[in-house]
Amino acid sequence: MRMSSAYIDEPTRQFRDAMRLLFILANCGEEVASPSSIDAAVRMISSQKQLQKMDFWVRNPDHLAHALLDAYSEVADAKWLRYARAILGSEEPEVRRDAMTKYLFGAFEPIDTGMAPLISYGLARTIRHPQTKRQRFFLLQRGQEVAQQMEADLPEARWYSERARLVGELCRGRSGEELARMQYQQSAYANAPNGETIASIAFQVRSRLAALEGHR
């Protein structure tokens, strides 16, 4: 099962946002236990804050590489260094950067437009938790099938899937609040004025990587 060919063939901003969010749901969401109260749900992201933080790292590979180096410094697991090196050794921080604006609680961009096609095509659902009132985001079985088909068919989709998978690995088990704290540890992020674009840190992170590797 897949989206209509007309939708896939139109490289609009809304399509790119929808594709990116689809792969974040598919690769960063927690597995939903079966049976679920949400019919056909397979993955879930538990809050918009959590989704926004994951989205920021997919859209800003330089900031993701900084977080990967932080993870390497904390646990000395060489995979984090390897992931960061792969990003910073390419043009990804420049070519793939999709800047986000800083608001009161960090990087934020309205996601309703990007989510709308996923909901209307029956790929995802959103619902508010009855106690916390937080908005939760569910990937449905059809959405998982479409994500797998898009990854197989579209080279552009494969990059989003791979990057979202890495973000999911980094974020696994962390709440939106924890992810926000991680992002605020970077000074360019923390000091960005409210309402302005969060700056690229590609040069600084490449310098940090070089210094780390020089001391190994």
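The values are calculated or read from the model by the stated rules, or taken from the named source; none is laboratory data. Predicted model, so just to flag it, every value in this text is computed and none were measured. Here Cβ is always computed from backbone atoms with ideal geometry, including for glycine, and neighbour counts include all displayed protein chains.
Residues that are modelled with pLDDT of 95 or more and out of contact with any Gly (no Cβ under 8 Å at 6 or more places or on another chain) within the stretch 8-23 comprise 19, 23, listed in sequence order. Would you confirm whether or not the stretch 61-75 contains a residue that is in a strand (DSSP E or B) and in contact with an Asp or Glu (Cβ under 6 Å, 6 or more places away or on another chain)? The answer is no; no qualifying residue exists.
The set of residues in the stretch 180-216 being in contact with a strand residue (DSSP E or B) (Cβ under 9 Å, 6 or more places away or on another chain), part of a helix (DSSP H, G or I) and surrounded by 15 or more Cβ atoms within 10 Å (Cβ to Cβ) consists of 180, 183, 189. Cβ-Cβ contacts under 6 Å between residues 6 or more apart (or on different chains), taken from a first residue in the stretch 41-65 that is under 13 Å from residue 20 (Cβ atoms) to a second residue that is modelled with pLDDT under 95 and of a type in the set (Phe, Trp, Tyr), are listed as 52/108.
Looking only at the stretch 140-154, filter to residues that are part of a helix (DSSP H, G or I) and touching a strand residue (DSSP E or B) at 6+ places or on another chain (Cβ under 7 Å); which one of those is farthest from residue 50 (Cα to Cα)?
We begin by selecting, within the stretch 140-154, every residue part of a helix (DSSP H, G or I); these are 141-153.
Now narrow it down to the ones that are touching a strand residue (DSSP E or B) at 6+ places or on another chain (Cβ under 7 Å): 141, 143-144.
Values: 141: 21, 143: 20, 144: 20 Å.
Result: 141.
Residues considered: 176, 168. Of these, the only one that is over 26 Å from residue 90 (Cβ atoms), surrounded by 15 or more Cβ atoms within 10 Å (Cβ to Cβ) and among the small types (Gly, Ala, Ser) is 176. If you go through the stretch 112-139 and keep only what is assigned to a loop (DSSP other than H, G, I, E, B), farther than 12 Å from residue 21 by Cβ and in contact with a Lys or Arg (Cβ under 9 Å, 6 or more places away or on another chain), you end up with 121, 122, 129, 134.
Could you go through the stretch 140-160 and let me know if any residue there is surrounded by fewer than 20 Cβ atoms within 10 Å (Cβ to Cβ) and on the phi > 0 side of the Ramachandran plot. The answer is no; no qualifying residue exists.
Condition first: modelled with pLDDT of 95 or more and charged (D, E, K, R). Can you find one or more residues in the stretch 71-82 that meet it? Yes; the residues of the stretch 71-82 include at least one that is modelled with pLDDT of 95 or more and charged (D, E, K, R). For the stretch 27-49, the criterion of a residue being at pLDDT 95 or above, buried (at least 20 other Cβ atoms within 10 Å of the Cβ), assigned to a helix (DSSP H, G or I) and under 12 Å from the mean Cα position of the chain (by Cα) is satisfied by at least one position.
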